[in-house]
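The values are calculated or read from the model by the stated rules, or taken from the named source; none is laboratory data. Please read all numbers here as calculations on a predicted model, not as lab measurements. Because the Cβ atoms are built from the backbone with ideal geometry, glycine has one as well, and the counts that use them run over all protein chains shown.
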Amino acid sequence: MKLRYLGHAAFEIKTQEKTILIDPFLKNNPKACAKPEDFEKVDLIFVTHAHADHLGDAPQIAKRARAKIIAMYDIAQWLTENFGVETIGMNYGSANIEGLQVIMVPAWHSSSFEGKTIGNACGFIISTEGKRIYHAGDTCVFSDMKLFSDLYRIDVALLPIGGYFVMDVEQCLKAVELIRPKVVIPMHYNTWPLIQANAQEFKEKAEKLGVKVALLEPEEEIEV
Ligand code: NI
Ligand code: MN
């Protein structure tokens, strides 16, 4: 499958059968390499929490591309009520959704939209075509990352490094030790001045821990 970075925490996964988006924040994203209108055929959209830099353009894309949004149950219900989109609500646990194994894991973070708390924040471990991708969402480091990576061997981990609202480089290096993925792609940094991070420093230090780090510019993709 192909994994393409769209900027900030947004990714596109293309398998043989499906096009999947995660946290498609595009329109107001200064680093986005794509527009919501670019996505005409999408099957599933994963949303880690309701903050605008993650929910982003998910409702608009879902309507246009007839995609289903997978989110925490409470967020999914709110999306259906407010935006009239088709959703699949789940909670921390595991589900089989259209041939994918989807594990929803905690993320230590809040979840709100226009000042109102909606559901909780999560990360996703998505398995398809024999590979597992972990999108951590917005979170600090926490020791249960090890528990989940023991249960579900992670091939590619998408981890925030920008600090302030999420892990910084130092915390993320600890997360890498706990998760031990084959490849790490740092995200959620340098979108705005408040979340600047030295990705090169992260790469050098993480590679000393024995993982491969792919520093992707928006639009770049890797084969998983
Ligand atoms: Ni957030
Ligand atoms: Mn965020």
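Before moving on, here are some points about what is shown:
- With respect to (1) polar (S, T, N, Q); (2) away from ligand 2 (no atom under 16 Å from the Cβ); (3) out of contact with any strand residue (DSSP E or B) (no Cβ under 6 Å at 6 or more places or on another chain), the lone exception for residue 101 is condition (3).
- Some residue of the stretch 85-96 being surrounded by 21 or more Cβ atoms within 10 Å (Cβ to Cβ) and either within 13 Å of ligand 1 (Cβ to nearest atom) or among the aliphatic types (A, V, I, L, M) (or both): no
- Residue tally, condition buried (at least 16 other Cβ atoms within 10 Å of the Cβ), closer than 21 Å to residue 215 by Cβ and within 16 Å of ligand 1 (Cβ to nearest atom), over the stretch 140-165: 8
- Spans of helices (runs of 4 or more DSSP H) in the stretch 17-96 with at least 2 residues β-branched (Val, Ile, Thr) and touching a His at 6+ places or on another chain (Cβ under 6 Å): none
- When the stretch 105-141 is filtered for residues that are touching a Ser or Thr at 6+ places or on another chain (Cβ under 6 Å), part of a strand (DSSP E or B) and within 16 Å of ligand 2 (Cβ to nearest atom), only 122 remains.
- Subset of the stretch 1-16 [β-branched (Val, Ile, Thr) and either in a loop (DSSP other than H, G, I, E, B) or at pLDDT below 95 (or both)]: 15
- Whichever residue in the stretch 33-49 is surrounded by 24 or more Cβ atoms within 10 Å (Cβ to Cβ) and closer than 21 Å to residue 189 by Cα and, among such residues, is farthest from the chain's Cα centre (by Cα): 49
- Among the residues of the stretch 142-163, those identified as part of a strand (DSSP E or B) and free of Cβ contacts under 8 Å to residues at least 60 places away in the same chain are 157, 159.
- The stretch 166-177, residues that are surrounded by fewer than 19 Cβ atoms within 10 Å (Cβ to Cβ) and away from ligand 1 (no atom under 16 Å from the Cβ): 170, 174, 177
- Of all residues in the stretch 167-191, those satisfying the criterion of being touching a Lys or Arg at 6+ places or on another chain (Cβ under 9 Å) and either within 15 Å of ligand 2 (Cβ to nearest atom) or polar (S, T, N, Q) (or both) are 167, 186, 190, 191.
- Residue within the stretch 128-139 that is farther than 30 Å from residue 16 by Cα, surrounded by fewer than 14 Cβ atoms within 10 Å (Cβ to Cβ) and within 16 Å of ligand 1 (Cβ to nearest atom) present: no
- Residue match in the stretch 24-43 (condition: within 15 Å of ligand 2 (Cβ to nearest atom), modelled with pLDDT of 95 or more and aliphatic (A, V, I, L, M)): yes
- Comparison of 71, 52 shows that the only residue that is of a type outside the set (Ser, Thr, Tyr), surrounded by fewer than 21 Cβ atoms within 10 Å (Cβ to Cβ) and within 16 Å of ligand 2 (Cβ to nearest atom) is 52.
- Among the conditions (1) closer than 26 Å to residue 161 by Cβ; (2) under 17 Å from the mean Cα position of the chain (by Cα); (3) of a type outside the set (S, T, N, Q), the only one that residue 100 does not satisfy is (1).
- Every test in (1) within 22 Å of residue 14 (Cβ to Cβ); (2) within 16 Å of ligand 1 (Cβ to nearest atom) is passed by residue 51 save one, and that test is (1).
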